[in-house]
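The values are calculated or read from the model by the stated rules, or taken from the named source; none is laboratory data. Predicted model, so just to flag it, every value in this text is computed and none were measured. Please note: Cβ atoms are built from the backbone with ideal geometry, for glycine as well, and neighbour counts cover all protein chains shown. Please note that ligands, DNA and RNA were not included when accessible areas were found on the heavy atoms of the full protein model with its side chains. Shrake-Rupley method; radii C 1.70, N 1.55, O 1.52, S 1.80 Å.
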Amino acid sequence: MLELSVKGAQMPSSPIRKLVPYADKARSKGTKVYHLNIGQPDIASPVSALEAYHQLPFDVIAYTHSEGTPEYRKALSDYYKGRGYGVETNNIIVTNGGSEALLFTFGVIANPGDEIIIPEPFYANYNSFACQSDVKIVPIQSTIENNFGLPPIESFEEKITDKTKAILICHPGNPTGYLYSQAELQKLKDLVLKHDLYLISDEVYAEYVYGGEEHVSVLSFPELKENVIIIDSESKRFSMCGARLGAMISRNEELMKRAMKFAQARLSPVLTSQYAAAKAHENVGTYFEDSRAEYISRRDLLVTELNKIPGVICPNPKGAFYCMVELPVDDAEKFAIWLLNDFELDGETVMVAPGNGFYSHPDTVKNQVRIAYVLNKEDLQRSVEILRVALDKYNFQN
């Protein structure tokens, strides 16, 4: 009998996408599904990027340098310098999405069995990247009662062993929308310096910070020149998820030399995506201000309306476009499937991402869901109405 790998069996399913067959079945029955499960913005990509795709100046869609095109790397370098961070082009390796940047990072810094400490809940695919890289995730649980803020720094120190290679944060966070404060980042800085660790900061939502707060990158700490690795992406910055364009950024020269071997092995990032994103960076205009204003209005509506539902707890996120929401249900995954399989309100239902997939172990928390506010306000209002009725019916039946 043909055998398959143990790693293939161990790879976790995406909590964001694994319920897609249920949604497809619901649609096949004529039910409209409001997708609150996936971080795919409906805000248009920049006009300059779309025009670039329509007016590509290439006769051949060719390979680029493994580290990316000079034009795009300069555009990204200029973007960081505009924010006050001295990132040079040689500090940047362009990747096929932020996902590949994380895979390169894990591959460069960790041996099989090494450990990376991550506050949870965290972006679900961190589990998948760790599995692919034979790295062990060591979780430190944050709580909804504390709005998913940084857990006590002592809890990190207690988990550090001779296998620990890095601490990984998402800033601002997916799935929580939490934005780390300067004081919290300072504590992490002191810890990684004390124990000679890498600090990996996934900052793909850095433009989307709300309420007068400011995003402070860990690049702001000059003492961490050798320790910091930034995960970057154009997916959410410019609503270009399908471009699959990201970057691994570090001032650690030896680390980047080794990462280049991984970049060379996959040949190159996508030429057309880099061309379009460079044009977007060159012609930003009011894109970020306009997009932020829209997300703020959506966030405010969603958080206010969700917290009106008895038993629902929804912290107010300071960044990104997600809420990690506690529901009055026994099992959020079972509820999410029920919404698609067995429930509709006037021919409509909602799809949410079960929260257990954003933890290192699926039984850690069973009554949370992640909701993305990437739909227009009318659809968000309707989604909350559907969710309110669904919770009443689900709890009555169970």
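Pairs with C-alpha atoms separated by more than 23 Å, drawn from the list Lys225/Lys279; Lys163/Lys318; Lys74/Lys236; Lys159/Lys187; Lys81/Lys225, are Lys225/Lys279; Lys163/Lys318. Of the trypsin sites (Lys or Arg not before Pro) found in segment 209-255, those that fall in a DSSP loop while having at most 15 other beta-carbon atoms within 10 Å are Lys225. Helix 271-282 and the long axis of the chain differ in direction by around 90°, with both axes built from C-alpha atoms. Per-residue Karplus couplings for segment 126-141, computed as 6.51 cos²θ - 1.76 cosθ + 1.60 with θ equal to phi - 60°, are listed in order as 4, 4, 5, 5, 5, 5, 4, 9, 6, 10, 9, 7, 10, x, 10, 7 Hz, Gly and Pro entered as x. Basic side chains Lys and Arg get +1 at the Cβ, acidic Asp and Glu get -1 at the Cβ, and with that the dipole of segment 170-311 about its Cα centre reaches some 500 debye.
In plain terms, if you count all Cα to Cα distances in segment 234-352 and split them into 10 Å steps from zero, the share in each step is 10, 24, 26, 22, 16, 2 percent. In this rough spin-label picture, where each label sits 7 Å from Cα along the Cβ direction, the Thr89-Ile313 distance is 5.1 nm. Taking chymotrypsin sites (Phe, Trp or Tyr not before Pro) across segment 1-94, the ones in a DSSP loop with at most 14 further Cβ atoms lying within 10 angstrom of their Cβ are Phe58, Tyr63. From largest to smallest, what semi-axes in whole angstrom does the chain give when each is the square root of 5 times an eigenvalue of its alpha carbon gyration tensor? Those come to 33, 26, 22 Å. Heavy-atom accessible surface of segment 284-398, averaged per residue, reaches 39 Å², computed with a 1.4 Å probe. Over segment 174-215, the alpha carbon radius of gyration divided by the compact-protein estimate 2.2 N^0.38 Å works out to 1.31.
Identify, among Tyr63, Ala259, Leu245, the residue whose Cα sits farthest towards the positive end of the charge dipole of the chain, taking +1 on the Cβ of Lys and Arg and -1 on the Cβ of Asp and Glu, with the dipole about the Cα centre. Result: Tyr63. For Val350, the residues whose amide H sits under 5 Å from its own are Tyr34, ignoring neighbours fewer than 5 places away on the same chain, with H placed 1.01 Å from N. Phi angles of segment 23-33 translate, via the Karplus equation with coefficients 6.51, -1.76, 1.60 and θ = phi - 60°, into HN-Hα couplings of 5, 4, 5, 4, 5, 5, 8, x, 7, 7, 10 Hz per residue; Gly and Pro are given as x. In the context of the full set of protein chains, residues of segment 103-171 present 37 Å² of accessible surface per residue (probe radius 1.4 Å, heavy atoms only). Give the Debye-formula value of log10 I(q)/I(0) at each listed q (0.14, 0.17, 0.22, 0.28 Å⁻¹), with one equal scatterer per alpha carbon of segment 314-355, two decimals each. Result of the Debye calculation: -0.40, -0.56, -0.81, -1.00.
Simple point charges give the picture: +1 on the Cβ of Lys and Arg, -1 on the Cβ of Asp and Glu, and for segment 211-259 a dipole about the Cα centre of about 280 debye. Accessible area of segment 215-291 with a 1.4 Å probe: how many percent of it is carbon plus sulfur? Carbon and sulfur atoms account for 52 percent of the accessible area of segment 215-291.
How much net charge surrounds Ser45 when only the other residues with a Cβ under 12 Å from the Cβ of Ser45 are counted, with Lys and Arg +1 and Asp and Glu -1? Once all neighbours under 12 Å are counted, the net charge is 0.
What GluC sites (Glu not before Pro) in segment 78-187 are in a loop by DSSP, with at most 13 other Cβ atoms within 10 Å of the Cβ?
Glu88
Computed with the Debye formula from one identical point scatterer per Cα of segment 1-76, without solvent, the log10 of I(q)/I(0) at q = 0.14, 0.17, 0.20, 0.24 Å⁻¹ comes to -0.93, -0.95, -0.97, -1.12. Please compute the net charge surrounding Lys74, taking Lys and Arg as +1 and Asp and Glu as -1 over other residues with Cβ under 14 Å from its Cβ. Net charge around Lys74: -2. Here is the tail figure for segment 337-378: Cα pairs spaced more than 14 Å apart come to 59 percent of all pairs. If you run the Gaussian network model on the chain, springs between alpha carbon atoms under 10 Å, then out of Gln55, Gln132, Gln274 the most flexible one is Gln55. Using only Cα coordinates, the Kirkwood hydrodynamic radius of segment 175-292 works out to 16.1 Å.
Placing one equal scatterer on every Cα of segment 295-398 and applying the Debye formula, the log10 ratio I(q)/I(0) at q = 0.15, 0.16, 0.19, 0.24 Å⁻¹ is -0.58, -0.66, -0.94, -1.46. Specify which residue in the list Ala124, Pro46, Ser268 is farthest towards the positive end of the charge dipole of the chain, using unit charges on the beta carbon of Lys, Arg (+1) and Asp, Glu (-1), about the Cα centre. About the Cα centre, the residue reaching furthest to the positive side is Ser268. Quick check: from the Cα gyration tensor, does segment 225-291 come out rounded (a/c under 1.5), prolate or oblate? Judged from the Cα gyration tensor, segment 225-291 comes out oblate (a/c at least 1.5, b/c at or above a/b). In plain terms, the chain from Gln10 to Asp190 could stretch by 61.3 nm, reckoned as 0.36 nm per residue minus the Cα-Cα distance. Taking the Cα centre of the chain as reference, the dipole from Cβ charges on Lys and Arg (+1) and Asp and Glu (-1) amounts to some 520 debye.
The residue among Pro328, Pro354, Pro317 whose Cα reaches farthest toward the positive pole of the charge dipole of segment 312-364, with charges on the beta-carbon of Lys, Arg, Asp and Glu, is Pro317.
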